[in-house]
Amino acid sequence: MSTADLSQILHTLHSASASNIEYQVQSQQFNGMLKAISTELPTERSAILELAKSFSVAPISGFHVGAFAIGVSGNIYLGANMEFSGVPLNASLHAEQSAVLNAWMHGERKLTALHVSELPCGHCRQFLRELSGISKVEIHIGSLITNIDTLLPHPFADERPEGQGLLDSPHHVLEPIRSTDSDLVTRAINAAQLSYTPYSANPAGCVLETTSGKFFAGRSAESAAFNPSVAAITCALNQRNLSAHRKELIQSCTLAKLATGINSQYDLVVSLLKGICHTEIYTVLLEQK
C-alpha cells in the first residue's frame with residue numbers, strides 16, 4: 001500500500017491514532033495485526049475497515065470487502081476477501097473468514113467482536129458457527145450491532161463447545177513417515193498439528209516461502225457444512241496477502257498431509273499457485289500418533 005493511499009484512509013482520525021496505525025502498517029514486520037488501536041468511535045472503526053478493504057483481491061467480482069476481528073487480547077486482526085483467477089469461484093476466501101483465520105494464526109483463542117463492511121452472506125454466517133462462544137461475539141455492520149443467532153437463526157449443526165472450536169480446539173499429534181531435518185517441513189508439520197478438522201480428521205498444513213526468505217503458514221479450517229471450509233494453502237495465502245510482503249514472489253511451497261487422509265488438498269494447491277507463481281510443491285506425508 002502506498003503512503004498516499006494509507007494517508008487518505010486515515011485522514012479522518014485523530015493524529016495520534018493515525019500515526020500509530022500508519023507506523024504499524026508501514027513496518028516491514030506488519031502481519032495483518034494492529035495493537036493498541038481504539039475502536040470506540042465510528043470514524044475509527046470506519047478507517048480500520050477501509051484499511052482492511054485495501055487488502056482485498058477481487059479480480060473477478062470487483063467487489064471489495066473488509067473486516068476486522070477484535071480478540072480478547074485487545075488486538076485487531078484485519079481481513080479481506082480474496083478471489084483467484086482460473087479456478088472455481090468456491091476457492092474464494094471471504095473477508096469474515098480472512099479476519100477469523102488471521103486471528104487464529106496469531107494464536108488468538110477467543111473474539112469479542114467482528115466488524116464487517118458488508119452484510120455477511122450465509123456462507124460466512126455458517127463458517128462463524130465454528131467458533132466456540134460465537135453467540136456472545138458482537139457483529140458490527142455499519143451502525144447495526146447484531147449477533148450470529150439473529151443472523152443465522154436456524155444453523156446447520158450445533159454451536160461448538162468451549163475448547164472444541166476453531167480458535168481453541170486441541171492439537172493433533174503428527175509425525176512424518178520419513179524423517180527429515182528440513183525447516184520448511186517442520187513448519188508445515190507444525191501448521192498441520194494446529195489444524196481444525198473435526199469433521200474429516202484429516203489435518204493439513206502448508207508453508208509458503210517468498211524470495212526474501214519470509215515464511216507464511218496456513219492450516220485447514222473445516223465447517224460442519226463442508227463448503228465454507230478453508231484449505232491450508234488458502235489460509236497461508238491469506239497471511240501473505242495481509243502482510244507487508246504480499247507482493248513478493250513465492251519461491252517454494254511445502255504441503256504436509258496425512259498419508260491416509262480421505263481427501264487431499266494437493267490438486268487445489270497446484271491450481272491456486274499456478275495462477276500466482278511458478279514453483280514446485282513439496283509434499284510430506286504424515287501419520288497420526
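Just so you know, all these numbers are worked out from the coordinates, no wet-lab data involved. As the structure is a prediction and not an experimental result, all values here were calculated from the model. In this analysis, Cβ positions are derived from the backbone assuming ideal geometry, glycine residues included, and neighbour counts consider all displayed protein chains.
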Can you match Cα extents along the principal axes in Å to one of these, [x] 56, 44, 34; [y] 82, 42, 33; [z] 64, 41, 33, based on a calculation from the structure here? [x]
In nm, to one decimal, how far is the THR279 label point from the THR211 one, both placed 7 Å along Cα→Cβ? 1.2 nm
Pulled fully out, how much extra length does the chain show between THR180 and ALA113, if you take 0.36 nm times their separation in residues and subtract their Cα-Cα distance? 20.0 nm
Using alpha-carbon coordinates, inclination of helix 42-53 to the longest axis of the chain, degrees: 40 degrees
Cα shape, the stretch 154-205, gyration tensor, a/c 1.5 rule: prolate
Return the whole-Å distance between the Cα centroid of the stretch 1-60 and the Cα centroid of the stretch 172-204. 34 Å
Using each residue's phi in the stretch 240-250, evaluate 6.51 cos²θ - 1.76 cosθ + 1.60 at θ = phi - 60° and report the 3J(HN,Hα) Karplus result to the nearest Hz, with x for Gly and Pro. 5, 5, 8, 10, 6, 10, 5, 9, 6, 5, 8
Distance in nm between label sites at VAL72 and PHE156, each 7 Å beyond Cα in the beta-carbon direction? 2.9 nm
Residue of TYR266, TYR199, TYR77 that the Gaussian network model of the chain assigns the largest fluctuation, springs spanning Cα pairs under 10 Å: TYR199
Measure out, as a whole number of angstrom, how far apart the alpha-carbon centroids of the stretch 98-129 and the stretch 230-289 sit. 21 Å
The helix 183-193 Cα axis meets the longest alpha-carbon principal axis of the chain at an angle in degrees, between 0 and 90 and rounded to 10, of 80 degrees
Starting from 0.36 nm per residue, how many nanometres of slack lie between VAL87 and VAL173 once their C-alpha separation is accounted for? 27.7 nm
Lysine pairs in the chain with alpha-carbon atoms under 24 Å apart, 8 or more places apart or on different chains: how many are there? 15
Sorting ARG125, ARG160 on the 10 Å Cβ count, fewest up front, what's the list? ARG125, ARG160
Max mean-square fluctuation residue, GNM over the chain, Cα-Cα springs under 10 Å, options ALA58, ALA232, ALA157: ALA157
Just order 282-289, 67-74, 116-123 by mean Cβ neighbour count inside 10 Å, highest at the front, would you? 67-74, 116-123, 282-289
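Looking at the square roots a ≥ b ≥ c of the eigenvalues of the Cα gyration tensor of the stretch 29-151, which shape do they give, rounded for a/c under 1.5, prolate if a/b is larger than b/c, or oblate?
It is rounded, given that a/c, with a ≥ b ≥ c, falls under 1.5.
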For the stretch 255-260, take each phi angle, set θ = phi - 60°, evaluate the Karplus expression 6.51 cos²θ - 1.76 cosθ + 1.60, and give the result in whole Hz per residue in order, putting x for glycine and proline. 10, 10, 8, 5, 5, 9
Taking amide H atoms as placed 1.01 Å from N in the peptide plane, list the residues 5 or more away in sequence, or in a different chain, whose amide H sits under 5 Å from that of ILE139. LEU114, THR146, ASN147
Note down the nm distance, to one decimal, between modelled labels 7 Å out along Cα→Cβ at GLN28 and at SER7. 2.3 nm
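Over the stretch 174-288, consider all pairs of different Cα atoms and compute the Kirkwood hydrodynamic radius from their mean reciprocal separation; express it in Å, one decimal.
It works out to 13.9 Å.
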Which of the trypsin sites (Lys or Arg not before Pro) found in the stretch 34-106 are in a DSSP loop and have at most 13 neighbouring Cβ atoms, other than their own, within 10 Å? LYS35
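Which FRET efficiency, nearest 0.05, do ALA36 and ASN263 yield, Cβ-Cβ r, R0 41 Å? Walk me through the numbers before you get to the answer.
Values: r = 41 Å, r/R0 = 1.01.
Efficiency computed from Cβ-Cβ geometry: 0.50.
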Point-charge dipole on Cβ atoms (K/R +1, D/E -1) for the chain, about Cα centre, debye to 20: 240 debye
